[in-house]
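Chemist: Pasting a structure here, questions to come.
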Amino acid sequence: METIRLEFQPKIKAKILELLSSFSSDELKIVQEDSDFEENKRKLDSALVKVKNGTAECCSLDELDLFLEEAISKYEN
């Protein structure tokens, strides 16, 4: 399947959905877009730039394990 993104005025939503409902579920699936998509995309693009230019903060698996153990023990009690 292919995916496209549509932007439309709210007043024509019913007409669009009526047209799309004429297709079977094998032919068309309506996927609701995440309302935070653009903000998440911006954050991820920013993080990717940092990874590519070498300014991202990274840690080893041992450091991550230690951090997670400390966080878990903090909230266990």
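The values are calculated or read from the model by the stated rules, or taken from the named source; none is laboratory data. A quick note: this is a predicted structure, and the numbers were derived from the prediction, not measured. With ideal geometry, Cβ positions are generated from the backbone for all residues, glycine too; neighbour counts draw on all protein chains shown.
Chemist: When you scan the range 31-47, do you find a residue that is surrounded by 10 or more Cβ atoms within 10 Å (Cβ to Cβ), in contact with a Leu (Cβ under 9 Å, 6 or more places away or on another chain) and at pLDDT 90 or above, even just one?
Modeler: no
Chemist: Under 8 Å between Cβ atoms, which residue pairs at least 6 apart in sequence (or on different chains) link something in the range 56-77 that is within 24 Å of SER46 (Cα to Cα) with a partner that is of a type in the set (Phe, Trp, Tyr) and surrounded by 10 or more Cβ atoms within 10 Å (Cβ to Cβ)?
Modeler: Correct list of pairs: CYS59/PHE67.
Chemist: Next up: Considering only the range 32-55, state which residues are without any contact (Cβ under 8 Å) to a residue 24 or more places away in the chain and assigned to a loop (DSSP other than H, G, I, E, B).
Modeler: Within the range 32-55, GLN32, ASP34, SER35, ASP36, GLY54, THR55 qualify.
Chemist: Can you confirm whether the range 57-65 contains a residue that is surrounded by 10 or more Cβ atoms within 10 Å (Cβ to Cβ) and either in contact with a strand residue (DSSP E or B) (Cβ under 7 Å, 6 or more places away or on another chain) or of a type in the set (Asp, Glu) (or both)? Quick ask: steps written out before the conclusion?
Modeler: Taking the range 57-65 first, the residues surrounded by 10 or more Cβ atoms within 10 Å (Cβ to Cβ) are 59, 63-65.
After this cut, where a residue has to be either in contact with a strand residue (DSSP E or B) (Cβ under 7 Å, 6 or more places away or on another chain) or of a type in the set (Asp, Glu) (or both) as well, the list is 63, 65.
Yes - at least one qualifying residue is present in the range 57-65.
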